[in-house]
Amino acid sequence: MLKIGLTGGIATGKSTVSSMLKEEGFAFIDADIVSIEVFTLYPSLTDELKRTFSETFFYEDGALKRREFGNYIFKYSKERVKYENIIIPLIKDRIKELFDEYEKKGEKVVILDAPTLIENNMQDYVDYIILVWTNSQEQIKRLINRNNFTREEAMDRINSQMNLEKKKKYVDFIIDNSDSIESTKEEVHELISLIKMLNN
């Protein structure tokens with residue numbers, strides 16, 4: 001089974017590239033979805049976060065106030081590290097389980113969509129890594145327009161991730177998503193052909 005990592009920075013357009021690859025029928029593991037699923041799979045996680053941070057970050061039904069909590073941990077890096085030390089091991093365990101499940105089903109290609117794949121040392125989980133890249137000014141503009149973030153909130157989130165230029169050193173393929181959607185489509189279609197060739 002060919003395992004491919006798809007990564008990028010926040011607002012680089014990774015979701016756009018992901019959608020194009022999904023249209024091709026590849027199996028996917030979405031780390032963002034897994035990060036939500038773990039709250040159901042590991043009920044003790046909510047209690048641990050309440051103890052470590054504060055119950056004020058949770059609604060009465062136990063759901064996490066994601067925007068409010070996100071603003072907090074992205075503003076204070078020590079708190080973000082504390083949170084990641086709790087949740088990342090659970091996410092990694094679930095990703096490994098999903099890879100095993102797909103392999104048992106006989107899938108030929110599985111793509112792990114993970115924005116912080118490199119930061120969280122998951123390179124060994126995959127055979128190849130694709131980076132979706134765009135310039136930093138475009139990232140800021142997209143975050144402000146898409147998420148209604150202030151410039152400060154946008155910068156906090158961008159700075160919490162590894163610099164995209166540094167990420168280039170760890171990857172096998174780069175999709176430049178700073179130009180038109182048509183240009184991105186062309187690059188993705190070329191990549192799809194390459195993936196199929198690698199899987200033969």
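Numbers for the structure displayed
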quantity	calculated
Leu112 under 23 Å from Asp156 (Cα atoms), at pLDDT 95 or above and not in a helix (DSSP H, G or I)	no
Residue among Asp176, Asp156, Asp172 that is in contact with a helix residue (DSSP H, G or I) (Cβ under 8 Å, 6 or more places away or on another chain), free of Cβ contacts under 8 Å to residues at least 60 places away in the same chain, open to solvent by 20 Å² or more (accessible area, probe 1.4 Å) and among the charged types (D, E, K, R)	Asp176
Glu97 touching a residue at least 60 places away in the same chain (Cβ under 8 Å), open to solvent by 70 Å² or more (accessible area, probe 1.4 Å), of a type in the set (D, E, K, R) and within 20 Å of Leu6 (Cα to Cα)	no
Filter result for Glu23 (under 20 Å from Lys108 (Cα atoms), loosely packed, with under 14 Cβ neighbours inside 10 Å and of a type outside the set (Gly, Ala, Ser))	yes
Residue satisfying all of: in region 58-70; surrounded by 17 or more Cβ atoms within 10 Å (Cβ to Cβ) and either among the acidic types (Asp, Glu) or part of a helix (DSSP H, G or I) (or both); farthest from the chain's Cα centre (by Cα) among these	Phe69
Set Glu138, Glu187, Glu182: member being assigned to a helix (DSSP H, G or I), free of Cβ contacts under 8 Å to residues at least 12 places away in the same chain and charged (D, E, K, R)	Glu182
Any pair with Cβ under 6 angstrom, 6 or more apart, that starts in region 59-74 at a residue that is in contact (Cβ under 8 Å) with a residue 60 or more places away in the chain and ends at one that is open to solvent by 20 Å² or more (accessible area, probe 1.4 Å) and not in a helix (DSSP H, G or I)	Phe74/Ser160
Residue among Glu79, Glu84, Glu103, Glu107 that is open to solvent by 10 Å² or more (accessible area, probe 1.4 Å) and part of a loop (DSSP other than H, G, I, E, B)	Glu107
Residue match in region 124-134 (condition: touching a residue at least 40 places away in the same chain (Cβ under 8 Å), open to solvent by 40 Å² or more (accessible area, probe 1.4 Å) and under 21 Å from Val81 (Cα atoms))	no
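The values are calculated or read from the model by the stated rules, or taken from the named source; none is laboratory data. All figures in this text were calculated on a predicted structure; none of them were measured in a lab. Methodologically, a virtual Cβ is constructed for each residue, glycine included, from the backbone with ideal geometry; neighbour enumeration extends over all protein chains shown. SASA here: full protein model, heavy atoms, side chains in, ligands and nucleic acids out. Shrake-Rupley method; radii C 1.70, N 1.55, O 1.52, S 1.80 Å.
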